Amino acid sequence: MTDFAEARRTMVDRQIRTVDVTDADILDAIGGVPRELFVPPELRSLAYTDADLPIIQAKPGEERRFLVEPAILARLIQLAEVGRDDIVLDIGCATGYSSAVLSLLSNSVVALETDPDLAGSATETLLDLDIGNVAVVTGALPAGYPSEGPYDVILLAGSVEDLPDALFDQLKEGGRLVTIVGIGPVGMANLFQKTAGEISHREAFNAPAPPLPGFSMAKSFQF
C-alpha cells in the first residue's frame, strides 16, 4: 500500500524544491494537501509522479482534462506571488487540487470549472477536507467570473493559445495573471500584471502543459 504522506514529502523535496521553488509557504501548502484525493481512485498510486495526470475522459469536441504536474503548478503559483489577503480566481480548477493549495496561501479562492462533473467532484473533496474559503462555480472558462471580481490573482494552470481581454478586465490594479502561453512543447509560463490600467507581461520559464478548453485561437479562413 502506498504511503501517501511519504510520497508527498518526497514530491516536495525531489520535484518542487529542485526547480527553484523557494517560497516556504508554497512548499508547506503543497506538502499539506493530499493530492491523491483529487485524482481518480485507479490513479492514486500515481498521484505524486512528476507528470500531468488525466482525470476525466474527453467529451465530444473537447480536450481531455489533466492535473498539471506538481512542479509546474508550484512554479506558476510562486510566479503569481500570492499573498495572504489576496482574492484568487482559479480558472479550470478541475477536481480542485490547485484551489486547495491556493486556499492555504490566500484569503479566498473562486474556483471556476466548465465541466459540471469535475465541479461536483471538486466541491465534494474540498468539503471533505474542511476547506471553507473556496467557492466552486461553473461557467465558460474564457469568460472568467466577473461577479466575484476584481481579483488580485488569476491562475490558469494549463496552456492557452489566446487570452481574452475579459480576464484582464477582472484584475485589480496591481493584479497578476499567470498561465502558460503556447501549446505543446513550446509552452512558456507568462506573468501578466495590471499597472495604471495597462497590462504588461514577461516570459518566465519553459513549461509544456495540457491545454485548457476554450482558449484556442480562432482559425482564419484560407483559400
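The values are calculated or read from the model by the stated rules, or taken from the named source; none is laboratory data. Being a predicted model, the structure only gives us computed values, none of them experimental. In this analysis, Cβ positions are derived from the backbone assuming ideal geometry, glycine residues included, and neighbour counts consider all displayed protein chains. Just the protein is used for accessible areas: all its heavy atoms, side chains included, with ligands, DNA and RNA removed. Shrake-Rupley method; radii C 1.70, N 1.55, O 1.52, S 1.80 Å.
Residues in the stretch 90-105 include at least one that is in a strand (DSSP E or B), open to solvent by less than 20 Å² (accessible area, probe 1.4 Å) and of a type in the set (A, V, I, L, M).
Within the stretch 143-152, can one find any residue that is more than 17 Å from residue 113 (Cβ to Cβ), open to solvent by less than 30 Å² (accessible area, probe 1.4 Å), under 16 Å from the mean Cα position of the chain (by Cα) and not hydroxyl-bearing (Ser, Thr, Tyr)?
Residues of the stretch 143-152 that are more than 17 Å from residue 113 (Cβ to Cβ), as a first pass: 150, 152.
Pick out the ones that are also open to solvent by less than 30 Å² (accessible area, probe 1.4 Å) and you get 152.
Right, trim to under 16 Å from the mean Cα position of the chain (by Cα) and you get 152.
Cutting the leftovers down to not hydroxyl-bearing (Ser, Thr, Tyr) gives us 152.
Looking for residues that are more than 17 Å from residue 113 (Cβ to Cβ), open to solvent by less than 30 Å² (accessible area, probe 1.4 Å), under 16 Å from the mean Cα position of the chain (by Cα) and not hydroxyl-bearing (Ser, Thr, Tyr), one finds at least one in the stretch 143-152, hence yes.
Could you go through the stretch 53-71 and let me know if any residue there is surrounded by 15 or more Cβ atoms within 10 Å (Cβ to Cβ), out of contact with any Cys (no Cβ under 6 Å at 6 or more places or on another chain), of a type in the set (A, V, I, L, M, F, W, C) and closer than 21 Å to residue 191 by Cβ. Yes, because at least one residue in the stretch 53-71 is surrounded by 15 or more Cβ atoms within 10 Å (Cβ to Cβ), out of contact with any Cys (no Cβ under 6 Å at 6 or more places or on another chain), of a type in the set (A, V, I, L, M, F, W, C) and closer than 21 Å to residue 191 by Cβ. When residue 75 is tested against (1) open to solvent by 50 Å² or more (accessible area, probe 1.4 Å); (2) over 19 Å from residue 15 (Cα atoms); (3) modelled with pLDDT of 95 or more; (4) in a helix (DSSP H, G or I), exactly one condition is not met: (2).
From the list 132, 120, pick out the single residue that is over 16 Å from the mean Cα position of the chain (by Cα), surrounded by fewer than 23 Cβ atoms within 10 Å (Cβ to Cβ), free of Cβ contacts under 8 Å to residues at least 24 places away in the same chain and more than 25 Å from residue 45 (Cβ to Cβ).
132
Against the numbered list (1) in contact (Cβ under 8 Å) with a residue 60 or more places away in the chain; (2) open to solvent by 40 Å² or more (accessible area, probe 1.4 Å); (3) over 27 Å from residue 24 (Cβ atoms); (4) out of contact with any Leu (no Cβ under 9 Å at 6 or more places or on another chain), residue 114 comes up short only at (4). The criterion of at least 2 residues that are within 19 Å of the chain's Cα centre (by Cα) and either of a type in the set (Lys, Arg) or closer than 15 Å to residue 92 by Cβ (or both) is met, among strands (runs of 3 or more DSSP E) falling completely within the stretch 153-223, by 171-181. Within the stretch 143-171, residues that are under 17 Å from residue 195 (Cβ atoms) and touching a residue at least 24 places away in the same chain (Cβ under 8 Å) reach partners that are open to solvent by less than 20 Å² (accessible area, probe 1.4 Å) and part of a helix (DSSP H, G or I) with beta carbons closer than 7 Å, at six or more positions or on different chains, in the pairs 153/80; 154/167. Residues in the stretch 35-47 that are in a loop (DSSP other than H, G, I, E, B), touching a residue at least 40 places away in the same chain (Cβ under 8 Å) and open to solvent by 20 Å² or more (accessible area, probe 1.4 Å): none.
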